[in-house]
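Chemist: Before anything else, here's the structure in question.
The values are calculated or read from the model by the stated rules, or taken from the named source; none is laboratory data. These numbers come from a predicted model, not from an experiment. With ideal geometry, Cβ positions are generated from the backbone for all residues, glycine too; neighbour counts draw on all protein chains shown.
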Amino acid sequence: MRILDPHIHMTSRTTDDYEALYAAGVRAVVEPAFWLGQPRTSVGSFVDYFDALIGWERFRAAQFGIRHHATIGLNPKEANDPRCREVLEVIPRYLTKEGVVAVGELGYDAMTPEEDQVFAAQLAMALDADLPALVHTPHRDKLAGTRRTLDVVREAGLTPDRVLVDHLNETTVGLVRDAGAWAGFSIYPDTKMDEVRMVAILREYGLDRMIVNSAADWGRSDPLKTWRTGVTMLEAGFTEDEVDQVLWRNPVEFFGANLILDPVPGFVAGQAPAPAEFAGSSVLRGVRA
């Protein structure tokens, strides 16, 4: 089973998670920029964070044989903070960096006027940069938030095939499918979606434009949920080729040419070479010379 997890927050995970992901067949990930967990105090905190996503985290992932990519954007939760909105002037310069595959995650949290403005501004950035958009739907009033999301996407002029609407469930998947956008599902231990419900949705709606992710972060989550979904699909009678479509070919098609998917050069488990700028990193402790 080969897997590209298209939405996982590896900055909040341990190196043990990278080892477990590689053992489960994960060979590439996409890490969306998201909120800090506490209020940011300056744009500089975003700059440091974005730099880490496209530098340090790519290096750390490579130590475990995994290609790391990022999406860059101002998330909807922080779009309501005036101190955070200043980062909109910084984001465009990151959209041309190697390993950046989309704008995101953007969209709605509380569906405020400020979120409307920031969402529209970043969709315009995606259009200008010729990048797809990864969109977060709100945890509360998800149906109304998804409808509003699709309206704003249409107004922005992005074609639906360039938009992945994430964190969907049974009440919202039909809207996104009818709109022609990609449908994303976060598989969680307790909330959002689980493997069994996901398999039922795949049976009802088919496999085209369906994307499964773990969205694993610092909360209670499981970075192996993509793999567990693949196992559940096989147990339910889906073929290995159908699993490959959902867990690999679909995200590869959505993110497209900006992905780097060839194996990490010279990778041997626990023995990836370190570039000079990270040669003294603590992540290399215990690695044989």
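Chemist: Criterion first (touching a Phe, Trp or Tyr at 6+ places or on another chain (Cβ under 9 Å) and modelled with pLDDT under 95) does LEU36 satisfy it?
Modeler: yes
Chemist: Moving on to the next point. Scan (1) out of contact with any Phe, Trp or Tyr (no Cβ under 6 Å at 6 or more places or on another chain); (2) farther than 21 Å from GLU98 by Cβ; (3) touching a residue at least 60 places away in the same chain (Cβ under 8 Å) for the single condition VAL43 breaks and write down its number.
Modeler: Going through (1) out of contact with any Phe, Trp or Tyr (no Cβ under 6 Å at 6 or more places or on another chain); (2) farther than 21 Å from GLU98 by Cβ; (3) touching a residue at least 60 places away in the same chain (Cβ under 8 Å) one by one, VAL43 breaks only (3).
Chemist: What is the residue count in region 8-28 for residues that are free of Cβ contacts under 8 Å to residues at least 60 places away in the same chain and of a type in the set (Gly, Ala, Ser)?
Modeler: So the count comes out to 1.
Chemist: Name the single residue, out of those in region 221-242 being without any contact (Cβ under 8 Å) to a residue 40 or more places away in the chain and buried (at least 24 other Cβ atoms within 10 Å of the Cβ), that is nearest to the chain's Cα centre (by Cα).
Modeler: The extreme case among them is LYS225.
Chemist: Another question about this same structure. Would you mind stating whether TRP218 is touching a residue at least 60 places away in the same chain (Cβ under 8 Å), surrounded by 21 or more Cβ atoms within 10 Å (Cβ to Cβ) and aromatic (Phe, Trp, Tyr)?
Modeler: no
Chemist: Still on this model: So how many residues does region 30-75 have that are farther than 24 Å from VAL264 by Cβ, within 16 Å of the chain's Cα centre (by Cα) and of a type in the set (Phe, Trp, Tyr)?
Modeler: Within region 30-75, residues that are farther than 24 Å from VAL264 by Cβ, within 16 Å of the chain's Cα centre (by Cα) and of a type in the set (Phe, Trp, Tyr) number 2.
Chemist: Between residues in region 148-166 that are among the basic types (Lys, Arg) and residues that are surrounded by 17 or more Cβ atoms within 10 Å (Cβ to Cβ), which pairs lie under 7 Å by C-beta distance while being six or more apart or on different chains?
Modeler: Final answer for the pair search is ARG148/TYR108; ARG148/MET111; ARG162/PRO132; ARG162/ALA133.
Chemist: While we're here: So ARG203 passes all but one of these: (1) basic (Lys, Arg); (2) more than 16 Å from the chain's Cα centre (by Cα); (3) under 18 Å from HIS167 (Cα atoms). Which condition number does it fail?
Modeler: Of everything listed in (1) basic (Lys, Arg); (2) more than 16 Å from the chain's Cα centre (by Cα); (3) under 18 Å from HIS167 (Cα atoms), ARG203 misses just condition (3).
Chemist: Regarding region 105-122, can at least one residue be identified that is in contact (Cβ under 8 Å) with a residue 40 or more places away in the chain, over 25 Å from LYS192 (Cα atoms) and surrounded by fewer than 23 Cβ atoms within 10 Å (Cβ to Cβ)?
Modeler: Checking region 105-122: not a single residue is in contact (Cβ under 8 Å) with a residue 40 or more places away in the chain, over 25 Å from LYS192 (Cα atoms) and surrounded by fewer than 23 Cβ atoms within 10 Å (Cβ to Cβ).
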